[in-house]
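Trainee: Quick one: the structure is below, and I'll ask about it shortly.
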Amino acid sequence: MSVQVEISERNKVYGRSPLLTDAVMHYCPGCSHGTIHKLVAEVIDEMGLQDNTVGVSPVGCAVFAYNYIDIDWIQAAHGRACAVATAVKRLNPERMVFTYQGDGDLSAIGTAETIHACNRGENIVVVYVNNAIYGMTGGQMAPTTLLGMKTATSPHGREAAIHGYPYKIAEMVAVLDGVCYVTRQSVQSPAAVRKTKKALRQAFENAMAGRGLSFVEVVSSCNSGWKMSPVDANRWMEENMFPFYRLGDVKVVTPTAI
Amino acid sequence: MEDIKLIKGNEAVALGAIRGGCDGYFGYPITPQSEVLETLMELRPWETTGMVVLQAESEVASINMVYGGAACGKRVMTSSSSPGVSLMTEGISYLAGAELPCLIVNVQRGGPGLGTIQPSQSDYFQAVKGGGHGDYHMIVLAPASVQEMYDHVFDGFDLAFRYRVPVMMLADGIIGQMMEKVVMTRQRPRWTAEEIAEMSDSWATTGKHSGRERNVATSLELDSQVMEQRNERLQARYRQIEEREVRFEEHGMDDAEYVMVAFGSSARIASETMEMARRDGMKVGLLRPVTLWPFPSKRIAELAAAGVKGILVPELNAGQMVEDVRLAVQGGSDKKIPVWHYGRLGGMVYSPDDIYSELKRRSDECAG
Ligand SMILES: Cc1ncc(C[n+]2csc(CCOP(=O)(O)OP(=O)(O)O)c2C)c(N)n1
Ligand code: SF4
């Protein structure tokens, strides 16, 4: 029996987001950044916000995010994306404004700007890519690096006595009144990707509705920095990162409760 | 309508911002400039002109908010005093690198370190030589009166947008704190979204509409050849600014045998010195650079070539602008004339008498 497949717009179940440019991504094969970019592009496109969005890219591997998503972008100094986004949103309240930051950028050098944008309840979205390492500079320890994890600056494994403990900035910002939504997701499986997209959509809707700051953490792999194959890196992440960085919503303020 | 008010220099900056059509001010308290933010919060311009005013968590945040606002084509500014401006320098370098216009006000106090809250002019090098990393310049305006602290807000924004460079108003604790009469010009409206689109659509990140490519505010370029070209473009613009925007004021130069070169509050004090000297029959002139960068080097070289016997540079630091005066004299004239520095440090301020004594001592040396 032969099956006739009609190739038409009507039957289309998946396509490349028109907001992704033709530029070849510079990310390592297996890196989570590419998948997260795709989701951000899809959400902006599906909400019809291309003309209305300003993204703020970090210093970190995602510095060139502006080459991949076809919207206006501002490249911020290391750690300062939330300050930059604050001004963009305050001066253009009708715009959709989001930052896209790594864990070194957001939770080391940019801790103050992050916490204060959260506390002021800026109507922006923070996309926080936590791969527990400094990818761009060659795999040094981040504040999020797990105990025992080997990096270029913790070659014998992170020791609490020397380096302190890994910390969860999502839980820290969740206690702030200006923050309406904090969630921790991942993108290592199709199901996880779908959940992350849903979370991003929720966050973007919150920002447009003026509900306060939404913080979407995506626990990610950095197979190059971790010195693993992409498959091993994903397995290692599931076994080691997820027990510490627990996935799921950390804080949801429902619109009616505001 | 024009208003006349008796106000402090710092208040004049705040009023200049509102009247000058500023879109956003971001700042952090520090003496001796906190009245800027205090005045703005008191006046609540968001209810009148729509200007955004925000107390940031630090000067680092302030300057990066300025960076974000400037990227959107808005007139945005911050103000601080010396230690705070040191914290801003990375951000200022980013603004210069991304070719973004903005106004930064430094109401200087004495350093180094936490130093003193008393006035000083010891951030001259930081302001005119760059301050942050990389080859860049800001246009630097040096107000010498409360009126100029008001006017330089307007001038600063105009220059910043004409050349897409950060502009610094380099004031000090004396002018920031003293009260004088200010004639306030009529309200200049803030730019509308349409006006911003008309002027800045090729670079402002206002949201990518279908009529254009996406705009990206960035200072990053990994291809060294392209990065060199970007730098050369910046340098070409700096040469253009040096050609066109030098501003200074002169007094008593027609018959001057000795010249004082002084900026900001020092120029105010030195102008008294000049009058004292002239009463005694000493032919003294005063040149006051209004722009510290670009510097009036050509004019100083002309004066040296015209036979001035010596130049005294009084400044409230250990000898900073004097270097630019020496460069101007050496680079622009065959005549070798002495250039002397006279300074007080750490928040101490000289009197007109102090400068006059120094001038007499130096001129006697010359004569003898
Ligand atoms: C002021 C400053 N300090 C340090 C650096 C160097 N630097 C660039 S990226 C980076 C860390 C990035 O790590 P992360 O934010 O975790 O992002 P990833 O590359 O892992 O995505 C550092 C330290 C810099 N560019 N600027
Ligand atoms: S170094 Fe790590 S974070 Fe950077 S692109 Fe490679 S895998 Fe991704």
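The values are calculated or read from the model by the stated rules, or taken from the named source; none is laboratory data. Keep in mind it's a predicted model, so treat the numbers as computed, not measured. Neighbour counts are summed over all protein chains in view; Cβ atoms, including those assigned to glycine, are modelled from backbone coordinates with ideal geometry. Ligands, DNA and RNA are excluded from the accessible area calculation, which covers all protein heavy atoms including side chains. Shrake-Rupley method; radii C 1.70, N 1.55, O 1.52, S 1.80 Å.
Trainee: If I take all pairs of Cα atoms in chain B, what percentage of them are more than 36 Å from each other?
Mentor: 23
Trainee: Give the relative contact order (percent, whole number) for chain B; include only Cα pairs under 8 Å separated by 6+ residues.
Mentor: 18
Trainee: Report ³J(HN,Hα) in whole Hz for each residue of the range B:99-110, in order, from the Karplus equation J = 6.51 cos²θ - 1.76 cosθ + 1.60 where θ = phi - 60°; Gly and Pro get x.
Mentor: Whole-Hz 3J(HN,Hα) from phi for the range B:99-110: 6, 10, x, 6, 10, 10, 9, 10, 8, 5, 10, x.
Trainee: Got a number for the accessible area of B:His341? Probe 1.4 Å, square angstrom, nearest 10.
Mentor: 40
Trainee: If you don't mind, there's one more thing I want to ask. One-quarter of the Cα convex hull surface for the range B:25-159, in nm²?
Mentor: With the hull built on Cα positions only, its mean projection is 7.8 nm².
Trainee: Just to check, using Stokes-Einstein with a Kirkwood Rh over alpha carbon pairs, what's the diffusion coefficient of the range A:150-231 at 10 °C and 1.306 mPa s in µm²/s?
Mentor: Stokes-Einstein gives a translational diffusion coefficient of 105 µm²/s.
Trainee: Binning at 5 angstrom from zero up to the longest distance, how are the C-alpha pair distances of the range B:249-367 distributed in percent?
Mentor: 2, 12, 25, 26, 21, 10, 2, 0
Trainee: Also: Please report, in debye to the nearest 20, how large the charge dipole of the protein assembly as shown is about its Cα centre when each Lys and Arg carries +1 at its beta carbon and each Asp and Glu carries -1 there.
Mentor: 1080
Trainee: Choose one answer from A:Asn223, A:Asn240, A:Asn131: the residue with the largest mean-square fluctuation in a GNM of chain A with alpha-carbon springs under 10 Å.
Mentor: A:Asn240
Trainee: Assuming R0 = 25 Å, can you tell me the calculated FRET efficiency for the pair B:Ala318 and B:Met227, based on Cβ-Cβ distance, to the nearest 0.05?
Mentor: For B:Ala318 and B:Met227, the calculated efficiency is 0.10.
Trainee: Something else now. Explain nothing, just compute: Karplus ³J(HN,Hα) = 6.51 cos²θ - 1.76 cosθ + 1.60, θ = phi - 60°, for every residue of the range B:255-270 in order, whole Hz, x for Gly and Pro.
Mentor: With coefficients 6.51, -1.76 and 1.60, one gets 10, 5, 9, 10, 10, 9, 10, 8, 10, x, 4, 4, 5, 5, 5, 5 Hz.
Trainee: Please turn the phi angles of the range A:45-58 into ³J(HN,Hα) values with the Karplus equation 6.51 cos²θ - 1.76 cosθ + 1.60 (θ = phi - 60°), one per residue in order, whole Hz, x for glycine and proline.
Mentor: Working through the residues one at a time gives 5, 5, 8, x, 9, 3, 6, 10, 10, 10, x, 10, 9, x Hz.
Trainee: If the cut-off is 15 Å between C-alpha atoms, which aspartates and glutamates fall inside it for A:Lys198, apart from same-chain ones fewer than 8 positions away?
Mentor: Hits, sequence-local ones excluded: A:Glu42, A:Asp45, A:Glu46, A:Glu217, A:Asp249.
Trainee: Next up: What percent do you get for the relative contact order of chain A when only Cα pairs under 8 Å and 6+ apart count?
Mentor: So the answer I get is 18 percent.
Trainee: Another question, if that's okay. Excluding B:Pro32 itself, what net charge comes from residues whose Cβ is under 9 Å from its Cβ, given Lys and Arg +1 and Asp and Glu -1?
Mentor: -1
Trainee: With both partners inside chain A, how many of the DSSP beta bridges are antiparallel, as a percent to the nearest 5?
Mentor: 25
Trainee: If you take every DSSP beta bridge whose two residues both sit in the protein assembly as shown, what share of them, in percent to the nearest 5, is antiparallel?
Mentor: Percent antiparallel among DSSP bridges in the protein assembly as shown is about 25.
Trainee: Right, something else. Of the GluC sites (Glu not before Pro) in the range A:61-128, which ones lie in a loop per DSSP and count no more than 16 other C-beta atoms within 10 Å?
Mentor: Answer in residue order: A:Glu94.
Trainee: Taking amide hydrogens as modeled 1.01 Å from N in the peptide plane, which residues meet the under 5 Å criterion relative to A:Gly178, leaving out close sequence neighbours?
Mentor: For A:Gly178, the qualifying residues are A:Gly121.
Trainee: Please get the size of the charge dipole for chain B, origin at its Cα centre, with Cβ charges of +1 on Lys and Arg and -1 on Asp and Glu, quoted in debye to the nearest 20.
Mentor: 200
Trainee: Run the Debye formula on the Cα coordinates of the range B:298-356, all scatterers equal and no solvent, and tell me log10 I(q)/I(0) at q = 0.22 1/Å.
Mentor: -0.82
Trainee: Quick one: order A:Val5, B:Val128 from most to least accessible surface, probe 1.4 Å.
Mentor: A:Val5, B:Val128
Trainee: Taking the dipole about the Cα centre of the range B:162-252, with the C-beta of Lys and Arg at +1 and of Asp and Glu at -1, give me whichever of B:Ala236, B:Gly173, B:Ser200 is farthest to the positive side.
Mentor: B:Ser200
Trainee: Now a separate question. Greater than 21 Å separation of Cα atoms is the criterion. Which listed pairs, A:Lys168/A:Lys227; A:Lys89/B:Lys74; B:Lys74/B:Lys129, meet it?
Mentor: Distance filter (> 21 Å) returns A:Lys168/A:Lys227; B:Lys74/B:Lys129.
Trainee: Now a separate question. Using +1 at the Cβ of each Lys and Arg and -1 at the Cβ of each Asp and Glu in chain B, identify which of B:Phe248, B:Val146, B:Ala96 lies farthest towards the dipole's positive end.
Mentor: B:Phe248
Trainee: When only alpha-carbon atoms count, how far does the protein assembly as shown stretch along each of its three principal axes, as whole angstroms with the largest first?
Mentor: 113, 59, 44
Trainee: Another question about this same structure. Binning every alpha carbon pair distance of the range B:49-106 at 10 Å from zero, what are the percents per bin?
Mentor: Per 10 Å bin, starting at zero, the Cα-Cα P(r) for the range B:49-106 comes out as 25, 59, 15, 0 percent.
Trainee: With the dipole of the range A:28-252 worked out from charges on the C-beta (+1 for Lys and Arg, -1 for Asp and Glu) around the Cα centre, which of A:Tyr167, A:Pro243, A:Ala199 lies farthest toward the positive end?
Mentor: A:Pro243
Trainee: Give me the three principal axis extents of the range A:28-252 from the C-alpha atoms, as integers in angstrom, largest value leading.
Mentor: 49, 32, 30
Trainee: Here's a follow-up. Show that you can apply the helix-only estimate: for chain B, add -39,500 (n - 2.57) for every DSSP H stretch of four or more residues, divide by all residues, and state [θ] at 222 nm to the nearest 500.
Mentor: Computed ellipticity for chain B at 222 nm equals -13500 deg cm²/dmol.
Trainee: Tell me the trypsin sites (Lys or Arg not before Pro) within the range B:159-241 that lie in a loop according to DSSP and have at most 10 other beta-carbon atoms within 10 Å.
Mentor: Those that pass, being in a loop and sparsely packed, are B:Arg186.
Trainee: Please give the net charge around A:Cys61, taking every other residue with its beta carbon less than 13 angstrom from that of A:Cys61, where Lys and Arg add +1 and Asp and Glu add -1.
Mentor: Net of charged neighbours comes to -2.
Trainee: Counting only protein chains, not ligands or nucleic acids, how are A:Arg10, B:Arg75 ordered by accessible area (probe 1.4 Å), most first?
Mentor: Descending order: A:Arg10, B:Arg75.
Trainee: A follow-up question, please. Can you list the residues, at least 5 places off or on another chain, whose amide H is less than 5 Å from the amide H of A:Tyr68, using H built in the peptide plane?
Mentor: Correct list: empty.
Trainee: Right, here's the next one. Please report the relative contact order for the range B:3-193, taking Cα pairs under 8 Å with a sequence separation of at least 6, and give it as a percent rounded to a whole number.
Mentor: 31
Trainee: Mind checking the dipole of the range B:249-367: about its Cα centre, +1 per Lys or Arg Cβ, -1 per Asp or Glu Cβ, Debye to the nearest 20?
Mentor: 160
Trainee: One-quarter of the Cα convex hull surface for the range B:1-69, in nm²?
Mentor: The orientation-averaged projected area of the Cα hull of the range B:1-69 comes to 4.9 nm².
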